[in-house]
1. Loop only by DSSP, 11 or fewer other Cβ within 10 Å of the Cβ. Give me the chymotrypsin sites (Phe, Trp or Tyr not before Pro) in the stretch 113-216 that pass, ordered by residue number.
2. Rolling a 1.4 angstrom probe over the protein heavy atoms, how many square angstrom per residue are accessible across the chain?
3. Let me make sure I get this right: for the stretch 730-868, a, b and c are the square roots of the gyration tensor eigenvalues over alpha carbons, sorted descending. Under 1.5 in a/c it's rounded, otherwise prolate if a/b > b/c, else oblate. Which is it?
4. List the lysines whose alpha-carbon lies under 30 Å from that of Lys772, not counting same-chain residues fewer than 8 positions away?
5. Provide the solvent-accessible area of Arg313, counting protein heavy atoms only and rolling a 1.4 Å probe, rounded to the nearest 10 Å².
6. Dipole magnitude of the chain about its Cα centre, charges +1 at Lys/Arg Cβ and -1 at Asp/Glu Cβ only, in debye to the nearest 20?
7. For the chain, what is the relative contact order in percent, using Cα pairs closer than 8 Å and at least 6 residues apart in sequence?
8. Where does helix 297-309 land angle-wise versus the long Cα axis of the chain, in degrees 0 to 90, nearest 10?
Amino acid sequence: MTGLGVAVCYTQYMIGLDDLLHATSGQLRGEASVQEFTDYCFDSRLVNDGELFVAVKSDRGDGHYFIQDAVRGGAVAVLCERIPSNLAEDITCIVVDDTRRALVDWARYRLKSWGGTIIAVTGSIEKTSTKEAIAAVLGAKHNVFRNLRSYNGLYGLPIALGRLLDDHEIAVLELGSDHSGEIAQLAKVIQPSIAVITAVSAVHLDGLGDLDGVSSEMSDLVRAVSPNGMVVLNGDYTRVVAMSDYAKARVVTAGMKPEWDLYADSIREGLAGTDFTLHWQGRSDSFFTPWLCKDRLFSALSAIAIGNEFGIRLEDIKTAISALPTIPGRFNALSAVNGATLLDDSYNSSPKAATCALGFLDRNSEGRRKLAVLGDMDQLGARSKEEHYKVGVFAASVLDQLVVKGDIAEDIARGARESGFDENCIHYAYSSDHVVRILNEDVLLPRLNENDIVLVKGSASTRLERVSRNLLAERKRDTGHLARQHPVIGEVISSLPGRPTWVEIDVEAAANNTRQVRNMLDDNVELMVVLKADAYGHGATRLARVVLDNGASRIGLASLNEAILLRDQSIKAPILILGYSPAWTARQAILNDVNVTVYDIDIAKAFDRAAHELSVSLNVHVKVDTGMGRLGVAPEDAVCFIDQLSHLTNIKVEGLFTHFPVADSIKLEHREYTSMQIDRFHALVMDLEAVNLRPPIVHCANSAAILTRKDSHFDMVRLGILFYGLDPSPQIVAPDSFMPIMSFKTSVAQVKSMPGGTPISYGQIYKTDSDKRIAVIPVGYADGFRRSPRNWGHVLVRGQLAPIVGRVTMDQSMIDVSHIPGTRIGDEVTLIGAQGDQRIRAEDVAEKLGTINYEVVSAILTRVPRIT
């Protein structure tokens, strides 16, 4: 191949201190105890003996705070911007102005001194598989380096290059970009001789804007290849082919059409791999690859083209392509439970990749039931809803059953539903365990079996590899095929909240609490869960699906607007408005199939008229006031009232209920009062039975009565505060098997040293009585973090209680962390929940504020993002 030299050197390379100092202009602290390092590491939890820890400052945190952890883990040296005061003298320390820039400078220096051939691969999808295919083919004759995992960005790639050895002849480097200009910067560092562009599709739109932005970013790699190099383009993407206009180097096209330099046809897909006929250089050859899906063939085609360029024999190329290794989480057919087949594509997802995977599933189901678990597709910017919706539309044409996981993925369900997909075949999952229950525990009929093939695909943040792991038939044998199985790697893949104050919702706790109550009830007693006030501040839409999947059959709300929000999210279960529904809401209630509470005949007649005009009947529940003193008809008037309702032609009296004011009290007089209410209510039910007017659903038990008064269960119970894992009262506490659903958290925004006598916050009601370290946290009364007459009192930082000082302001509060060494910007602060061995309960906060736990959680405003 013209102009592409191969450097052959057999000296093993370690990262040298002198090279690092020369490349970065770094300053060495004192004397160096070691001169070489085995590798770079930037995560103190993953450090190995002999490595150099790089203290990187990023959006997610500051590595300087973890230097001591890295040293304890085996790091022998540190690359940092500031030296920790307690860093041991025997630890080699290099100080630079910017650690990330230093890594880039070192990478440029290392590649220049190495001098081998560099092949760069980028594109919207299939970067990793293309990189691996090229490396496998070239490995038949050469010693080939390739960057591991997804260390492919401007700062990840230099870390990957720490493993580049002097005897590597060729480096095949995958390049990634999530913002404009990154590919151009990478290209300047690596100066590739060959560039490969796999695809242009909707990825990283939050940083690149649109497909034009994606195309422009990828084309920077084409521009970077010198005239004596080579560019390989995927001919099946118009925008990729158009990049030939920017190429100074020779262009080779590959794809599925005869006009390309290499093209494949006679493609035969299967769960064991893909057969195809390759046409190139005037000849045709049969090939096989164990990789699935014709949409991935460009990986093999580009590897064939480059292998030919390097003089690899055809038979050796064929052998390499036929033995391509499994890439964990990248479209692998695995044996699943009950004889089913799992298509594990859980590493990541994008709209194009998702539709390709669904297409393969459709083409290779062979009459089997087709299921897919699809998760959120991240970083799609303003087009997120549209792109998810389009995947749902395509899924509707393919699948028999669809499971979606993640808030954004609900737009996939919407696209499928609005395309005519059977709504009973759409399932909303709130956790990986829930997905498995849907697939394998009688949620689907029939449950997952040998007649099923199930695709699992979602972005990394959805952690769908956990689903795949739990579906495998033999976990110990097959876990090598799965992505992100290292426990630390699993921890670092997560979605960040939209602001540094957030609420975490434990949906498995919600499922547990629902099942716990369901198991307390007789089989003939229905379970209604009360989700009013946005589920007491927990988020009603998500929790509605949780409770309905775990034993609840009905939902109770306070107002019609709450019900409409759930109906808009396709919650179909019966909904009862427990409060006042004025006559003018009648049509909306009827059109949204919402049941209402009645206790006034004029309002009931208005609902009857509206139902008559719409030619439907409306279910109502009659509220009886047996002693609450709120809404309701008097018990002595109830029989007459229900008789009047029975003569309204479009009203059906479905339910009868009352409410307890003191069922959560253990005082004798309160227990007797509750007993009196139950007796009055029971007598009314008997009177109604006597005249054949008893409604089919009689209910009065709230959370406290569910626990303490089985005689109040009747036909249905209404589960409220207990569902959220909170105590009905200080006297009636949740059993140990119940778990709080909500944690309320923020983070440290600043830490300042304040001398004695310094006033803190508005009004100067607090002054430091000595030198103090004061931390600012970005949470205030506009979030529901109470200001007065009493505030929260304490929060948790690093597992210790930190007192609130000064007045709580609208958006910020101050805490004293003088007794908590090491507190720094970014530290997580717990307002409700556990941290270390300490816990702040909603009940503890309520006691501080002089209120009840209901108000504490319900008062957390909607501007605080809820995450699961």
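The values are calculated or read from the model by the stated rules, or taken from the named source; none is laboratory data. Because the structure is a prediction, the values reported are computed rather than measured. FYI the Cβ positions are ideal-geometry reconstructions off the backbone, even for glycines, and counts take in every protein chain you see. Just the protein is used for accessible areas: all its heavy atoms, side chains included, with ligands, DNA and RNA removed. Shrake-Rupley method; radii C 1.70, N 1.55, O 1.52, S 1.80 Å.
1. Details: sites: Trp114, Phe145, Tyr151, Tyr155; in loops: Tyr151, Tyr155.
Nothing satisfies the criteria.
2. About 40 Å² of surface per residue is accessible.
3. Working: a/c = 1.83, a/b = 1.58, b/c = 1.16.
It is prolate, given that a/c is not under 1.5 and a/b is the larger ratio.
4. Lys57, Lys745, Lys752, Lys848
5. We get 140 Å² for Arg313.
6. 740 debye
7. Computed over the chain, the figure is 7 percent.
8. That works out to roughly 10 degrees.
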